[in-house]
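What follows is a single structure, written as C-alpha coordinates, with notes after it.
The values are calculated or read from the model by the stated rules, or taken from the named source; none is laboratory data. This is a predicted model, so every value here is computed, not measured. Cβ placement follows ideal geometry from the backbone for every residue including glycine, while neighbour counts extend to all protein chains displayed. Side chains included, ligands, DNA and RNA excluded: accessible areas come from the protein's heavy atoms. Shrake-Rupley method; radii C 1.70, N 1.55, O 1.52, S 1.80 Å.
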Amino acid sequence: DSGSVTASPRQQDTEYLCPVQIGSPAQTLPLDFDTGSSDLWVFSTDTPRSEVNGQTVYDASSSSSAKRLSGATWKISYGDGSSSSGIVYLDTVTVGGLTVSRQAVEAAKQVSSSFSRDTSSSGLLGLAFSSINTVSPNQQKTFFDNAMPHLDAPLFTADLKHNADGRYNFGYIDKSAYTGSISYTPVDNSQGFWGFTATVDGTDVTGIADTGTTLIYLPDSIVTSYYSQVSGARYDSSNAGYIFPCGSSMPDFSFNVGGGGGGGGTVTVPGSYVNFAPTDQTGQTCFGGLQSDSSIGISIFGDIALKAAFVVFDGGNKQLGWAAK
Ligand SMILES: O=C(Cc1ccccc1)Nn1cnc2ccccc21
(Lines give C-alpha, C1' and ligand atoms only; values in the text may rest on other atoms or scores of the structure.)
Protein backbone atom coordinates (compact mmCIF):
# COMPACT_ATOMS: atom_id res chain seq x y z
CA ASP A 1 0.00 0.00 0.00
CA SER A 2 0.92 3.66 -0.28
CA GLY A 3 -0.63 7.07 0.23
CA SER A 4 -0.06 10.63 -0.90
CA VAL A 5 -1.64 13.78 0.57
CA THR A 6 -1.25 17.51 0.02
CA ALA A 7 0.18 19.62 2.84
CA SER A 8 -1.18 23.19 2.66
CA PRO A 9 0.64 26.01 4.48
CA ARG A 10 -1.30 28.31 6.83
CA GLN A 11 -0.43 31.89 7.95
CA GLN A 12 3.13 32.30 6.56
CA ASP A 13 4.02 28.61 6.88
CA THR A 14 3.36 28.53 10.65
CA GLU A 15 1.75 25.12 10.10
CA TYR A 16 0.84 22.72 7.30
CA LEU A 17 -2.59 21.07 7.16
CA CYS A 18 -3.59 17.85 5.38
CA PRO A 19 -7.13 16.52 4.71
CA VAL A 20 -7.80 13.28 6.62
CA GLN A 21 -10.88 11.06 6.21
CA ILE A 22 -12.26 9.61 9.47
CA GLY A 23 -15.22 7.23 9.90
CA SER A 24 -18.05 5.87 7.74
CA PRO A 25 -19.35 7.80 5.92
CA ALA A 26 -16.08 9.74 5.70
CA GLN A 27 -15.72 12.92 7.71
CA THR A 28 -12.83 14.98 6.28
CA LEU A 29 -10.84 17.06 8.81
CA PRO A 30 -7.75 19.25 8.14
CA LEU A 31 -5.03 18.00 10.51
CA ASP A 32 -1.54 19.22 11.36
CA PHE A 33 0.86 16.31 10.63
CA ASP A 34 3.34 16.41 13.47
CA THR A 35 6.59 14.40 13.54
CA GLY A 36 7.15 15.90 17.02
CA SER A 37 4.28 14.07 18.75
CA SER A 38 2.40 10.76 18.58
CA ASP A 39 -1.30 11.39 19.25
CA LEU A 40 -3.96 11.66 16.55
CA TRP A 41 -6.44 13.99 18.23
CA VAL A 42 -9.37 15.93 16.82
CA PHE A 43 -11.88 18.60 17.69
CA SER A 44 -15.11 16.65 18.24
CA THR A 45 -18.74 16.85 19.28
CA ASP A 46 -17.27 16.17 22.74
CA THR A 47 -15.35 19.49 22.66
CA PRO A 48 -17.11 22.27 24.59
CA ARG A 49 -18.85 24.69 22.18
CA SER A 50 -17.02 27.53 23.95
CA GLU A 51 -13.69 26.07 22.80
CA VAL A 52 -14.76 25.42 19.18
CA ASN A 53 -14.22 28.41 16.90
CA GLY A 54 -15.16 27.38 13.37
CA GLN A 55 -13.16 24.17 13.27
CA THR A 56 -14.65 21.08 11.57
CA VAL A 57 -15.40 18.54 14.32
CA TYR A 58 -15.47 14.72 14.36
CA ASP A 59 -18.81 13.17 15.32
CA ALA A 60 -18.22 9.56 16.37
CA SER A 61 -21.97 8.98 16.83
CA SER A 62 -22.54 9.43 13.08
CA SER A 63 -19.78 6.99 12.10
CA SER A 64 -20.95 3.38 11.78
CA SER A 65 -17.33 2.20 12.13
CA ALA A 66 -16.58 4.14 15.34
CA LYS A 67 -16.15 2.15 18.54
CA ARG A 68 -15.51 3.80 21.92
CA LEU A 69 -12.24 2.54 23.45
CA SER A 70 -13.78 1.96 26.86
CA GLY A 71 -11.93 3.50 29.82
CA ALA A 72 -9.23 5.11 27.65
CA THR A 73 -8.24 8.75 28.09
CA TRP A 74 -5.46 10.97 26.76
CA LYS A 75 -3.81 14.21 27.82
CA ILE A 76 -1.00 15.97 25.96
CA SER A 77 0.99 19.17 26.37
CA TYR A 78 3.43 20.61 23.87
CA GLY A 79 6.66 22.51 24.35
CA ASP A 80 4.99 25.80 23.49
CA GLY A 81 2.62 25.38 26.46
CA SER A 82 -0.46 24.36 24.48
CA SER A 83 -2.43 21.28 25.57
CA SER A 84 -5.51 19.12 25.00
CA SER A 85 -7.15 16.04 26.48
CA GLY A 86 -10.14 13.74 26.07
CA ILE A 87 -11.47 10.28 25.27
CA VAL A 88 -10.69 7.69 22.59
CA TYR A 89 -12.53 5.98 19.72
CA LEU A 90 -11.24 3.38 17.27
CA ASP A 91 -12.30 4.24 13.73
CA THR A 92 -11.26 3.99 10.10
CA VAL A 93 -8.73 6.66 9.09
CA THR A 94 -7.64 7.32 5.49
CA VAL A 95 -4.73 9.58 4.48
CA GLY A 96 -4.19 10.17 0.77
CA GLY A 97 -5.86 6.86 -0.14
CA LEU A 98 -4.05 4.83 2.56
CA THR A 99 -6.51 3.31 5.09
CA VAL A 100 -5.97 2.07 8.64
CA SER A 101 -9.11 0.32 9.90
CA ARG A 102 -8.77 0.45 13.70
CA GLN A 103 -6.91 3.70 14.36
CA ALA A 104 -7.10 5.37 17.78
CA VAL A 105 -8.89 8.66 17.17
CA GLU A 106 -8.53 10.83 20.26
CA ALA A 107 -11.56 13.10 20.67
CA ALA A 108 -10.90 16.33 22.56
CA LYS A 109 -12.99 17.17 25.62
CA GLN A 110 -10.68 20.12 26.29
CA VAL A 111 -8.31 22.17 24.12
CA SER A 112 -6.15 25.14 25.20
CA SER A 113 -6.70 28.62 23.81
CA SER A 114 -4.09 28.50 21.06
CA PHE A 115 -5.91 25.52 19.49
CA SER A 116 -9.30 27.24 19.84
CA ARG A 117 -7.84 30.33 18.13
CA ASP A 118 -6.45 28.29 15.23
CA THR A 119 -9.65 28.14 13.17
CA SER A 120 -8.05 26.25 10.26
CA SER A 121 -6.85 23.17 12.15
CA SER A 122 -9.15 20.40 13.44
CA GLY A 123 -6.35 18.67 15.33
CA LEU A 124 -3.07 16.83 14.94
CA LEU A 125 -1.89 13.57 13.38
CA GLY A 126 1.21 12.47 15.29
CA LEU A 127 4.06 10.91 13.31
CA ALA A 128 6.71 10.55 16.03
CA PHE A 129 7.24 7.14 17.70
CA SER A 130 4.34 5.40 19.45
CA SER A 131 6.40 5.18 22.67
CA ILE A 132 5.27 8.75 23.50
CA ASN A 133 1.57 8.30 22.68
CA THR A 134 -0.37 9.59 25.71
CA VAL A 135 -3.41 7.23 25.71
CA SER A 136 -3.89 5.52 29.06
CA PRO A 137 -4.14 2.83 30.37
CA ASN A 138 -3.30 1.16 27.04
CA GLN A 139 -0.92 3.22 24.86
CA GLN A 140 -2.03 3.37 21.21
CA LYS A 141 -0.10 3.31 17.92
CA THR A 142 0.33 6.17 15.46
CA PHE A 143 -1.25 6.08 12.02
CA PHE A 144 2.20 5.42 10.50
CA ASP A 145 2.94 2.56 12.93
CA ASN A 146 -0.42 0.94 12.13
CA ALA A 147 0.10 1.41 8.38
CA MET A 148 3.79 0.41 8.26
CA PRO A 149 3.36 -3.38 7.86
CA HIS A 150 1.11 -2.78 4.85
CA LEU A 151 3.29 -0.15 3.16
CA ASP A 152 5.39 -1.00 0.07
CA ALA A 153 8.31 0.52 2.03
CA PRO A 154 8.32 1.26 5.80
CA LEU A 155 8.75 5.00 5.45
CA PHE A 156 7.05 8.32 4.80
CA THR A 157 8.44 11.46 3.18
CA ALA A 158 7.83 15.14 3.91
CA ASP A 159 8.07 17.65 1.08
CA LEU A 160 6.97 20.93 2.68
CA LYS A 161 7.18 24.15 0.67
CA HIS A 162 7.42 27.90 1.31
CA ASN A 163 3.99 29.49 0.73
CA ALA A 164 2.95 26.62 -1.55
CA ASP A 165 1.30 23.21 -1.28
CA GLY A 166 3.70 20.39 -0.45
CA ARG A 167 3.14 16.68 0.10
CA TYR A 168 3.45 13.77 2.54
CA ASN A 169 3.89 10.39 0.85
CA PHE A 170 3.58 7.07 2.68
CA GLY A 171 5.30 3.86 1.53
CA TYR A 172 7.45 5.17 -1.33
CA ILE A 173 10.05 7.72 -2.38
CA ASP A 174 9.04 9.94 -5.31
CA LYS A 175 12.26 10.35 -7.28
CA SER A 176 10.87 13.38 -9.10
CA ALA A 177 10.46 15.27 -5.81
CA TYR A 178 14.15 15.89 -5.13
CA THR A 179 17.46 16.60 -6.82
CA GLY A 180 20.82 14.88 -6.37
CA SER A 181 21.12 12.07 -3.84
CA ILE A 182 19.49 11.42 -0.45
CA SER A 183 21.94 11.53 2.47
CA TYR A 184 20.91 9.24 5.32
CA THR A 185 21.76 9.55 8.99
CA PRO A 186 20.80 7.27 11.93
CA VAL A 187 17.76 8.12 14.08
CA ASP A 188 17.89 8.06 17.89
CA ASN A 189 14.27 7.46 18.93
CA SER A 190 15.06 7.00 22.64
CA GLN A 191 12.98 10.11 23.48
CA GLY A 192 10.25 9.08 21.04
CA PHE A 193 11.33 11.69 18.48
CA TRP A 194 13.08 11.57 15.09
CA GLY A 195 16.41 12.50 16.70
CA PHE A 196 19.54 12.94 14.59
CA THR A 197 22.88 14.71 14.50
CA ALA A 198 23.76 17.39 11.95
CA THR A 199 26.90 19.48 11.58
CA VAL A 200 26.62 23.28 11.50
CA ASP A 201 29.83 25.24 10.82
CA GLY A 202 31.83 22.19 11.92
CA THR A 203 29.86 21.83 15.16
CA ASP A 204 27.78 18.69 15.77
CA VAL A 205 24.17 19.49 16.71
CA THR A 206 21.82 16.79 17.97
CA GLY A 207 18.18 17.69 17.47
CA ILE A 208 14.82 16.46 16.22
CA ALA A 209 13.09 16.71 12.84
CA ASP A 210 9.76 18.22 13.86
CA THR A 211 7.10 19.19 11.31
CA GLY A 212 4.89 20.44 14.18
CA THR A 213 7.33 23.21 15.10
CA THR A 214 7.41 26.30 12.91
CA LEU A 215 10.94 27.57 13.52
CA ILE A 216 14.48 26.24 13.94
CA TYR A 217 15.79 26.19 17.52
CA LEU A 218 19.56 25.59 17.87
CA PRO A 219 22.31 26.14 20.47
CA ASP A 220 22.98 29.78 21.38
CA SER A 221 26.54 29.77 19.98
CA ILE A 222 25.31 28.90 16.48
CA VAL A 223 22.40 31.36 16.59
CA THR A 224 24.49 34.25 17.92
CA SER A 225 27.11 33.62 15.27
CA TYR A 226 24.44 33.59 12.52
CA TYR A 227 22.86 36.90 13.54
CA SER A 228 26.28 38.56 14.00
CA GLN A 229 26.29 38.68 10.19
CA VAL A 230 23.10 40.79 10.09
CA SER A 231 23.47 44.49 10.90
CA GLY A 232 20.84 45.66 13.36
CA ALA A 233 20.02 42.12 14.49
CA ARG A 234 19.67 41.69 18.24
CA TYR A 235 18.10 39.50 20.89
CA ASP A 236 14.93 41.27 22.06
CA SER A 237 13.55 40.05 25.40
CA SER A 238 10.07 41.46 24.77
CA ASN A 239 9.80 39.32 21.65
CA ALA A 240 11.79 36.53 23.36
CA GLY A 241 13.96 36.10 20.31
CA TYR A 242 16.28 37.56 17.70
CA ILE A 243 14.82 40.41 15.63
CA PHE A 244 16.29 42.53 12.84
CA PRO A 245 15.28 45.24 10.32
CA CYS A 246 12.76 43.67 7.88
CA GLY A 247 14.76 45.02 4.93
CA SER A 248 17.81 42.97 5.92
CA SER A 249 19.08 40.48 3.38
CA MET A 250 19.62 37.37 5.48
CA PRO A 251 22.51 34.94 4.93
CA ASP A 252 21.64 31.39 3.91
CA PHE A 253 21.84 28.84 6.74
CA SER A 254 23.34 25.43 5.93
CA PHE A 255 23.74 22.19 7.84
CA ASN A 256 25.32 18.87 6.91
CA VAL A 257 23.77 15.45 7.49
CA GLY A 258 25.15 11.95 6.99
CA GLY A 259 28.74 13.12 7.19
CA GLY A 260 30.05 9.52 6.95
CA GLY A 261 32.25 8.11 4.17
CA GLY A 262 30.38 9.78 1.32
CA GLY A 263 30.81 13.20 2.92
CA GLY A 264 27.06 13.40 3.49
CA GLY A 265 24.80 16.11 2.12
CA THR A 266 24.23 19.78 2.76
CA VAL A 267 20.81 21.32 3.35
CA THR A 268 20.74 25.05 2.61
CA VAL A 269 17.95 27.10 4.13
CA PRO A 270 17.60 30.26 2.01
CA GLY A 271 18.07 33.45 4.00
CA SER A 272 14.61 34.54 2.89
CA TYR A 273 13.13 31.69 4.98
CA VAL A 274 14.97 33.01 8.06
CA ASN A 275 13.26 36.38 7.57
CA PHE A 276 10.19 34.84 9.13
CA ALA A 277 7.63 37.52 9.88
CA PRO A 278 7.16 41.12 11.07
CA THR A 279 6.91 41.54 14.84
CA ASP A 280 4.18 44.18 14.49
CA GLN A 281 1.91 45.92 11.99
CA THR A 282 4.52 48.55 11.11
CA GLY A 283 6.61 45.90 9.36
CA GLN A 284 9.81 47.63 10.46
CA THR A 285 11.15 44.83 12.63
CA CYS A 286 11.13 41.15 11.74
CA PHE A 287 11.38 37.98 13.85
CA GLY A 288 13.98 35.37 12.94
CA GLY A 289 13.16 31.84 11.81
CA LEU A 290 16.33 30.67 13.60
CA GLN A 291 16.18 31.02 17.39
CA SER A 292 18.03 29.77 20.45
CA ASP A 293 17.06 26.41 22.01
CA SER A 294 18.26 27.48 25.48
CA SER A 295 14.71 27.85 26.90
CA ILE A 296 13.58 24.56 25.29
CA GLY A 297 16.21 22.00 26.29
CA ILE A 298 16.29 20.35 22.88
CA SER A 299 17.36 21.48 19.39
CA ILE A 300 14.55 21.47 16.85
CA PHE A 301 14.77 21.44 13.06
CA GLY A 302 11.27 22.74 12.41
CA ASP A 303 9.38 23.73 9.26
CA ILE A 304 11.84 26.50 8.30
CA ALA A 305 14.52 23.80 7.86
CA LEU A 306 12.28 20.98 6.62
CA LYS A 307 10.75 23.06 3.82
CA ALA A 308 14.26 23.52 2.39
CA ALA A 309 14.61 19.77 1.84
CA PHE A 310 12.99 16.51 0.81
CA VAL A 311 13.00 14.44 4.01
CA VAL A 312 12.65 10.64 4.31
CA PHE A 313 11.39 9.40 7.69
CA ASP A 314 12.49 5.75 7.47
CA GLY A 315 10.76 3.76 10.21
CA GLY A 316 12.07 0.42 8.94
CA ASN A 317 15.77 1.29 9.16
CA LYS A 318 15.34 4.09 11.77
CA GLN A 319 17.14 6.67 9.67
CA LEU A 320 16.43 10.11 8.27
CA GLY A 321 17.17 10.93 4.64
CA TRP A 322 17.76 14.49 3.47
CA ALA A 323 17.90 15.71 -0.12
CA ALA A 324 17.89 19.06 -1.89
CA LYS A 325 14.94 19.87 -4.18
O1 LIG B 1 6.08 22.29 21.19
C2 LIG B 1 6.84 22.34 20.26
C3 LIG B 1 8.29 22.74 20.38
C4 LIG B 1 8.43 24.08 20.98
C5 LIG B 1 8.06 25.22 20.29
C6 LIG B 1 8.26 26.45 20.91
C7 LIG B 1 8.81 26.50 22.18
C8 LIG B 1 9.14 25.34 22.85
C9 LIG B 1 8.95 24.12 22.25
N10 LIG B 1 6.52 22.01 19.01
N11 LIG B 1 5.38 21.32 18.71
C12 LIG B 1 5.41 20.10 18.14
N13 LIG B 1 4.18 19.69 17.95
C14 LIG B 1 3.34 20.65 18.40
C15 LIG B 1 1.94 20.71 18.42
C16 LIG B 1 1.33 21.83 18.95
C17 LIG B 1 2.10 22.88 19.46
C18 LIG B 1 3.49 22.85 19.42
C19 LIG B 1 4.09 21.71 18.89
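Tabulated data for the structure shown
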item: Solvent-accessible area, 1.4 Å probe, carbon plus sulfur percent, for region 184-281; result: 46 percent
item: Chain lengthening between ASP236 and ARG102 when straightened (0.36 nm per residue, less Cα-Cα); result: 43.4 nm
item: Heavy atoms of HIS150 accessible to a 1.4 Å probe, total area in Å² rounded to 10; result: 110 Å²
item: Spatially proximal lysines relative to LYS161 (Cα-Cα < 20 Å; intrachain offsets below 8 disregarded); result: LYS175, LYS307, LYS325
item: Region 1-151 - percent of accessible surface contributed by carbon and sulfur, probe 1.4 Å; result: 48 percent
item: Helix-only CD estimate at 222 nm, as mean residue ellipticity for the chain, using -39500 (n - 2.57) per DSSP H run (n ≥ 4); result: -1500 deg cm²/dmol
item: Rounded FRET efficiency, nearest 0.05, which uses the C-beta distance separating LYS318 from ASP252 and R0 of 30 Å; result: 0.50
item: Per residue, in Å², the accessible surface of region 220-325 once ligands and nucleic acids are set aside, probe 1.4 Å; result: 41 Å²
item: Under 29 Å from LYS67, Cα to Cα: lysines that are on another chain or at least 8 residues apart; result: LYS75, LYS109, LYS141
item: Other-chain or far-sequence residues with amide H under 5 Å of GLN291's (modelled H); result: ILE216, TYR217, LEU218
item: Net lengthening on full extension, HIS150/ALA164 (0.36 nm per residue, minus Cα-Cα); result: 2.0 nm
item: Set of aspartates and glutamates with alpha-carbon distance to LYS318 below 18 Å, sequence-local pairs under 8 removed; result: ASP34, ASP145, ASP152, ASP188, ASP210
item: Partnerless cysteines, meaning none of the other Cys C-beta atoms lie under 4.7 Å away, in the chain; result: CYS18
item: Solvent-accessible surface (1.4 angstrom probe) belonging to TYR172, in square angstrom, nearest 10; result: 70 Å²
item: Per-residue ³J(HN,Hα) for region 22-27, Karplus 6.51 cos²θ - 1.76 cosθ + 1.60, θ = phi - 60°, Hz, x for Gly and Pro; result: 10, x, 9, x, 4, 10
item: Region 1-130 - accessible surface per residue (Å², probe 1.4 Å); result: 37 Å²
item: Spatial separation of Cα centroids for region 87-149 and region 230-290, in angstrom; result: 32 Å
item: Lys, Arg +1 and Asp, Glu -1 on Cβ, resulting dipole of the chain about Cα centre, debye, nearest 20; result: 460 debye
